[in-house]
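The structure under discussion appears below in the form of structure tokens.
Derivation of every value follows stated rules applied to the coordinates shown; laboratory data play no part. Only a predicted model underlies this, so the values are computations on that prediction, with no experimental measurement involved. When we count neighbours, we look across all protein chains shown, and the Cβ atoms used for this are built from the backbone with ideal geometry, even at glycine.
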Amino acid sequence: MRRTRADTDASHRKISRRAALLGGAQLLFIGGLAARMRYLQVDQADQFRLLAEENRINIRLIPPARGEVFDRNGKRLAQNVPSYRIVLVREDAGNIDDVLARLGRLVTLDEDDIERALAEMKRSAPFLPVTVAENVGWNDLSRVSVNAPALPGITPEVGLTRVYPQGSDFAHVLGYVGPVSDYDLSKLEDPDQLLRIPRFQIGKVGVEAKEEARLRGKAGAKRVEVNATGRVMRELDRQEGHAGSDLQLTIDADLQNYVQARLDGESASAVVIDCETGDLVACSSAPTFDPNLFVRGISVADYRALTDNKYRPLANKSVQGTYPPGSTFKMMTAMAALEERLMRPDDTVYCPGHLEVSGRRFHCWKRAGHGWVDLQQSLKQSCDVYYYDLALKVGIEKISAMAERFGLGIRHDLPMSAVAGGLAPTKDWKAATYGEPWVIGDTVNSSIGQGFTLTSPLQLAVMTARLATGRAVTPRLIKSIDGVEQPSGAGESLGMNENNLRKMRRGMFDVVNDRRGTAYGSRIISETLRMAGKTGTSQVRNITAAERRAGVIRNSDLPWERRDHALFVNFAPFDAPKYAVSVVVEHGGGGSSAAAPVARDITLQALFGGAPPLEVYPPKDRDRVAEQQDRLRNTRPQADVDGKDQA
């Protein structure tokens, strides 16, 4: 049917009205949307910015696992064990007092720990976690975890803490770790951000401090989303750090334990060095202390007990202590004279018990004198006058130069704290130090290891190893790093006349094995294990002329601190030197009575890798040694937590 014009106009009007209505509705919707967008983006911008801030991303450091330390046989000396703690982030906690009060209703908090935590918060960045409670039990940790939504800023964590399973045996070698202090940070130009984490532990002394860079490792990082209350909503990603390097020391833990037990009750030190490699297989100082006490903070009472002890347990006497070497130095004076061809081994000197030099009388230890003695006899009987005479021919410069060639008067590079350099004095040294000229009496005193001459037990062991081998043996403490073997300390030839060295060794052999030798009572019976050595006694007081006329006071009649130091050095076996040993007993009296028996026992323990058979001891000593072995067995520390571990 054909539409009329009127119908068409009516249809157009209807469509136009609908289009107008639809367009109006669209405009209204768009306008409302624009108004809403303006309201959200302009009027409410601050509010939404705040809400966005309340759910934000934090980057937190992940402390790496500290490298562990092992002995030469793979036994753990320093290890990490799990430790539960509760930490608080200040900027996430809001009202800190309120949060701590709520936490205190769940777990027992120590007042000192709270005060320390509050002090750390004041000086730390607000986003750094601060430890509120350490070493909490599993039940306490669980309660905190369950109530985490009501504890803003509080996070329970599982960390690692340092433990020394060998206890006091390695205190002076390993040292210990402790929380980073302001003093520690002040020594660094650009400290690692890890060190700014409150109570982060670093090495304080010993290997722990000297090898800190290797042991610490590299931190990791994680990105976490936290809400306004500080609660972690989720972990976005994580980049693991790198654990510290594992170190293997040259020390034998079993021998170290024996040496510490053998020195018990004395203020003493002992060093055992492998003549072939320079490895320090034992390095002991007595008395010692438990390094575990320092890890979490030692108590005032415990620390005072250590500092008030006259035997100085905190001092590492084996490398830090310096002493006049006494007669153990005589080999240096003799070697200087032999190498300069100023004497022959069979030349003799008459000893009447003293020598007059520039109007002053220098006495021999034997008041009646030794009569005519040559080099070998002078060592065997430790005649002082023989070396006074040599010193006048040689002079201090050559004597000191020879001492340095044998490792005395120089600081050996070892990763231990306060390694002493000792002193091989010269004329220039005295002029620079005291502003006084060197006099001939100074040379005479130095020839027998008195006067200005100072050495450490470590240096004496190095000297003995060099005498035994003729090589520049260098002490080594780190055997391997992450399984990579470190350079040997075997050393090259000293370039000495071998005949002269043989004369020194033969004289040292007679010291121990000849009936007139000063250390004959400490000999080894076995033909294949015989040792060579030298006794030493160094004075710590002046003996007046009046006292000499009346009779020198015996050490046993003097107060402990005025008695002579006792020293002994040796190597064994004589024909194929394996170990060199030095022992110093502070104020022990005579070297032959106080130091030589200890050195002999240590040497045999090293050679046998354990308790030696009684047959290698002189018959008169066997009952005493048997009782001693039984007693020392009971002093061994408990086994490692994980048993004998392999490095």
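Its alpha carbons give region 157-204 an Rg and a Dmax of 12.7, 35 Å.
A simple spin-label model places pseudo-atoms 7 Å from Cα toward Cβ; at K310 and D237 they are separated by 6.6 nm.
Within 10 Å, at most 15 other Cβ atoms, and a DSSP state outside H, G, I, E, B define an exposed site. Report the longest part of the chain free of exposed GluC sites (Glu not before Pro). The segment 1-188 is the longest one with no such site. Counted by neighbouring Cβ atoms within 10 Å, the residues M331, M37, M402 run from fewest to most as M37, M402, M331. Using the structure shown, list the pairs from K310/K620; K330/K430; K187/K427; K578/K620 with a Cα-Cα distance above 30 Å, or answer none. Violating the 30 Å Cα-Cα cut-off are K310/K620; K187/K427.
Given region 541-633, what whole percent of its Cα pairs are spread farther than 17 Å? Tail of P(r) above 17 Å: 61 percent of Cα pairs.
For V158, project a label point 7 Å along Cα to C-beta. Then give me every residue of region 244-280 with its amide nitrogen under 17 Å of that point. Within reach of a label on V158, which here means backbone N under 17 Å from a point 7 Å along Cα→Cβ, region 244-280 contributes nothing.
For region 261-312, what ratio Rg/Rh do Cα atoms give with a Kirkwood hydrodynamic radius? In region 261-312, Rg relative to Rh is 1.11.
The ellipsoid equivalent to the alpha-carbon distribution of the chain has semi-axes of 76, 25, 23 angstrom, derived from the gyration tensor eigenvalues as √(5λ) and listed largest first.
Could you state, as a whole-number percent, how many of the C-alpha pairs of region 288-428 are farther apart than 27 Å? Summing the P(r) tail past 27 Å for region 288-428 gives 42 percent. Derived from the Cα gyration tensor, the three semi-axes of the equivalent ellipsoid of region 314-396 are 24, 16, 13 Å, largest first. Each residue, A431 and R367, gets one label point 7 Å from its Cα in the Cβ direction; the gap between the two is 4.2 nm. Our helix-only sum for the chain, with -39,500 (n - 2.57) per DSSP H run of n ≥ 4 divided by its residues, gives a mean residue ellipticity at 222 nm of -10500 deg cm²/dmol.
Once the Cα-Cα distance is subtracted from the 0.36 nm per residue extended length, the D413 to L392 segment shows a gain of 4.2 nm.
Backbone geometry of region 356-361 corresponds, through the Karplus equation with coefficients 6.51, -1.76 and 1.60 at θ = phi - 60°, to 3J(HN,Hα) couplings of 8, 9, 6, x, 10, 9 Hz, x marking Gly and Pro. If the chain linking A34 and D112 were pulled fully straight, counting 0.36 nm for each residue of separation and taking away their Cα-Cα distance, it would gain 22.1 nm.
With the simple spin-label model, which puts each label point 7 Å out from Cα in the Cβ direction, the E91 to N497 separation comes to 7.6 nm.
Note on I525 and R196: the extension gain reaches 112.5 nm, defined as 0.36 nm multiplied by sequence separation minus the Cα-Cα distance. Distance from the alpha carbon centroid of region 569-589 to that of region 459-518 works out to 11 angstrom. The ratio of the alpha-carbon radius of gyration of region 58-249 to the globular-protein estimate 2.2 N^0.38 Å is 1.08.
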